[in-house]
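The values are calculated or read from the model by the stated rules, or taken from the named source; none is laboratory data. If you're wondering where the values come from, they're calculated on a predicted model, not measured in any experiment. Here the Cβ positions follow ideal geometry from the backbone for every residue, glycine too, while neighbour counts run over all protein chains shown. Accessible surface is based on the protein model in full, side chains and every heavy atom, while ligands, DNA and RNA are left aside. Shrake-Rupley method; radii C 1.70, N 1.55, O 1.52, S 1.80 Å.
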Amino acid sequence: PPPPPPPPPKYEPPEVVNKRRIAGRDPEYPRIARAAGIEATIVVKIFITPEGKVGEIIFLKSDKNFEQEIRDALATWQFEPLMINGRPVGTYTVYKFVFKLE
């Protein structure tokens, strides 16, 4: 018989997901936004594949000036897979990135 389908992605709060993060850089303040004096709080729903890579990224609250930098940073993130019953499982979380000028 075929193997059972993988379980659906499981929600984990960002502080739990962070503990599994093993690589990657945080987004930097985009130069253009800083020069223009733009501040923003960006809310992103991030799917993490069973292999621990960032898959789909959905911007729930956004400002176009920040999206590419966030995408570039998230592309460098790597996580230890979440194991359930000995199998890696995809997860998702919602991150908030706050860009505030000093």
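Of the residues in segment 23-41, how many are open to solvent by 40 Å² or more (accessible area, probe 1.4 Å), of a type in the set (A, V, I, L, M, F, W, C) and either at pLDDT below 95 or closer than 17 Å to Phe59 by Cβ (or both)?
Qualifying residue count for the region: 2.
Give just the number: which of (1) under 14 Å from Leu101 (Cα atoms); (2) in a loop (DSSP other than H, G, I, E, B) does Glu51 not satisfy?
(1)
Pairs please, first residue from segment 41-62 and farther than 16 Å from Pro13 by Cα and of a type in the set (S, T, N, Q), second anywhere and open to solvent by less than 40 Å² (accessible area, probe 1.4 Å) and not in a loop (DSSP other than H, G, I, E, B), Cβ atoms under 6 Å, 6+ apart in sequence or on different chains.
Ser62/Ile42
Pick from Lys19, Lys45: which is loosely packed, with under 15 Cβ neighbours inside 10 Å and outside any strand (DSSP E or B)?
Lys19
From the list Arg31, Arg20, Arg71, exactly one residue is in contact (Cβ under 8 Å) with a residue 24 or more places away in the chain and not β-branched (Val, Ile, Thr). Which is it?
Result of the check over Arg31, Arg20, Arg71: Arg20.
From the set of residues in segment 61-91 that are over 23 Å from Glu39 (Cβ atoms) and in contact with a helix residue (DSSP H, G or I) (Cβ under 9 Å, 6 or more places away or on another chain), which is most open to solvent (accessible area, probe 1.4 Å)?
For segment 61-91, the residue satisfying everything is Glu80.
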